[in-house]
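I have placed the structure first, in the form of structure tokens, so that the comments after it can refer back to it.
The values are calculated or read from the model by the stated rules, or taken from the named source; none is laboratory data. Since the model is a prediction, treat every value here as computed from it, not as a measurement. Virtual Cβ from ideal backbone geometry, glycine too; neighbours counted across all protein chains shown. Just the protein is used for accessible areas: all its heavy atoms, side chains included, with ligands, DNA and RNA removed. Shrake-Rupley method; radii C 1.70, N 1.55, O 1.52, S 1.80 Å.
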Amino acid sequence: MRVFITGASGFIGTALIKELHSAGHKVLGLARSDAAAAQVAGLGAEVLRGSLADLDILKQGATKCDGVIHLAFNHDFSKFADNCVEDRRAIEALGDALVGSNRPLIATGGLGFLAQGRSSTEDDDQKPNEHFPRMSEPATLAYNKKGVRARVMRLPQVHDREKAGLITYFVQIAKEKGVSAYVGDGQNRYPAAHVDDTAKLYRLALEYNGSMTKFHAVAEEGITMKAIAEVVGQQLNLPVVSKSVEEAPAHFGWMAAFAGMDAPASSVLTQKELNWKPVGPTLMEDLAYLERAKVAM
């Protein structure tokens with residue numbers, strides 16, 4: 001296949017280009033800057049210049065290819081709601097270009113706020129709310145009724161030795177504040193997966209012809225925030241402290257809602273349907289390299 005990827009120069013995108021090439025696919029990668037274009041080209045992919053706001057460019061890329069994987073998202077959380085609108089418009093542009101083609105469209109979603117008091121499953125529906133106004137799922141899945149093989153990949157904290165999803169921001173806050181903190185008793189949980197396992201799952205979903213439409217890229221069902229804070233504190237030689245719900249906004253800032261989020265998730269159905277077996281390092285194994293590797297987290 002020839003595959004159009006948005007976010008091709010990003011953390012997951014670069015791993016995905018390598019994964020797709022190893023399976024014999026070709027890649028057309030969206031790049032909004034000279035640096036991004038050079039990175040995509042350096043991985044052996046073709047480059048299409050543009051951004052998520054360039055809807056005609058998105059349609060052009062989708063039309064030229066046999067399938068689309070939408071990874072790009074603006075992670076400036078100070079304007080999260082606006083970014084969610086931009087994401088929806090981008091998905092609709094990509095989907096409109098594929099109507100009636102039976103080609104795959106895989107968009108990216110999250111695992112937060114899916115279930116209360118239990119691990120979420122692929123059968124749970126993601127409904128936008130005040131905490132999570134992202135509309136990627138309903139926007140994408142609507143195209144299954146328009147002749148598109150539309151799928152959603154729900155991401156956990158995707159990690160390697162240099163990055164770890166939202167936890168990267170918690171590490172930055174710990175460095176700034178001089179303490180590694182968690183909220184309350186710290187028993188709220190985060191699912192996780194290594195970036196290479198995640199890239200492989202995107203590739204398997206791209207090649208999939210079955211009826212399942214929602215996938216969980218989850219290798220570890222849930223690691224507590226307290227355990228994460230403890231390993232961060234140990235590696236950075238910082239004290240580990242609890243912050244009350246009332247203290248959380250002052251300490252975590254815009255990350256406060258995520259700091260107390262409990263979002264364990266299962267991938268039993270995904271692993272069975274796509275024969276996906278994650279084998280990468282655990283989140284704790286990668287976090288253990290924080291100080292030793294002097295990474296940018």
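Scanning the stretch 20-36 for residues being over 20 Å from L94 (Cβ atoms) and part of a helix (DSSP H, G or I) gives a total of 4.
Here is a yes/no grid of residues against (1) of a type in the set (A, V, I, L, M); (2) without any contact (Cβ under 8 Å) to a residue 40 or more places away in the chain; (3) surrounded by 22 or more Cβ atoms within 10 Å (Cβ to Cβ):
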site	(1), (2), (3)
R134	no, no, yes
A142	yes, no, no
G147	no, no, no
A150	yes, no, yes
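The residues in the stretch 97-118 that are crowded, with 16+ Cβ neighbours inside 10 Å and either at pLDDT 95 or above or more than 21 Å from D262 (Cβ to Cβ) (or both) can be counted, and the count is 9. Somewhere in the stretch 160-173, is a residue farther than 26 Å from I17 by Cβ and surrounded by fewer than 16 Cβ atoms within 10 Å (Cβ to Cβ)? Yes: the stretch 160-173 contains one or more residues that are farther than 26 Å from I17 by Cβ and surrounded by fewer than 16 Cβ atoms within 10 Å (Cβ to Cβ).
When the stretch 237-270 is filtered for residues that are touching an Asp or Glu at 6+ places or on another chain (Cβ under 9 Å), at pLDDT 95 or above, of a type in the set (S, T, N, Q) and in a loop (DSSP other than H, G, I, E, B), the ones remaining, listed by number, are S266, S267. All conditions in (1) open to solvent by less than 50 Å² (accessible area, probe 1.4 Å); (2) in contact with a strand residue (DSSP E or B) (Cβ under 7 Å, 6 or more places away or on another chain) hold for A23, with the sole exception of (2).
Annotation: of all residues in the stretch 50-74 being open to solvent by 30 Å² or more (accessible area, probe 1.4 Å) and in contact with a helix residue (DSSP H, G or I) (Cβ under 7 Å, 6 or more places away or on another chain), the one that is modelled with the lowest pLDDT is N74. Examine the stretch 78-85 for a residue that is free of Cβ contacts under 8 Å to residues at least 60 places away in the same chain, closer than 15 Å to A150 by Cα, open to solvent by 20 Å² or more (accessible area, probe 1.4 Å) and assigned to a helix (DSSP H, G or I), and state whether such a residue exists. No: the stretch 78-85 contains no residue that is free of Cβ contacts under 8 Å to residues at least 60 places away in the same chain, closer than 15 Å to A150 by Cα, open to solvent by 20 Å² or more (accessible area, probe 1.4 Å) and assigned to a helix (DSSP H, G or I). Restricting the stretch 235-281 to residues that are basic (K, R) and surrounded by fewer than 17 Cβ atoms within 10 Å (Cβ to Cβ), the residue that is nearest to A181 (Cα to Cα) is K277. Between F4, F77, the distinction of being out of contact with any Asp or Glu (no Cβ under 7 Å at 6 or more places or on another chain) and modelled with pLDDT under 95 belongs to F77 only. Which ones in the stretch 1-13 are surrounded by fewer than 21 Cβ atoms within 10 Å (Cβ to Cβ) and either out of contact with any strand residue (DSSP E or B) (no Cβ under 9 Å at 6 or more places or on another chain) or aliphatic (A, V, I, L, M) (or both)? Answer for the stretch 1-13, where residues must be surrounded by fewer than 21 Cβ atoms within 10 Å (Cβ to Cβ) and either out of contact with any strand residue (DSSP E or B) (no Cβ under 9 Å at 6 or more places or on another chain) or aliphatic (A, V, I, L, M) (or both): M1, G10. In the list A72, A8, A15, A37, which residue meets the criterion of being farther than 18 Å from M153 by Cα and not basic (K, R)? That would be A37, the only listed residue that is farther than 18 Å from M153 by Cα and not basic (K, R). Do we have any residue at all in the stretch 178-192 that's of a type outside the set (A, V, I, L, M), part of a strand (DSSP E or B) and more than 21 Å from G112 (Cβ to Cβ)? There is at least one residue in the stretch 178-192 that is of a type outside the set (A, V, I, L, M), part of a strand (DSSP E or B) and more than 21 Å from G112 (Cβ to Cβ).
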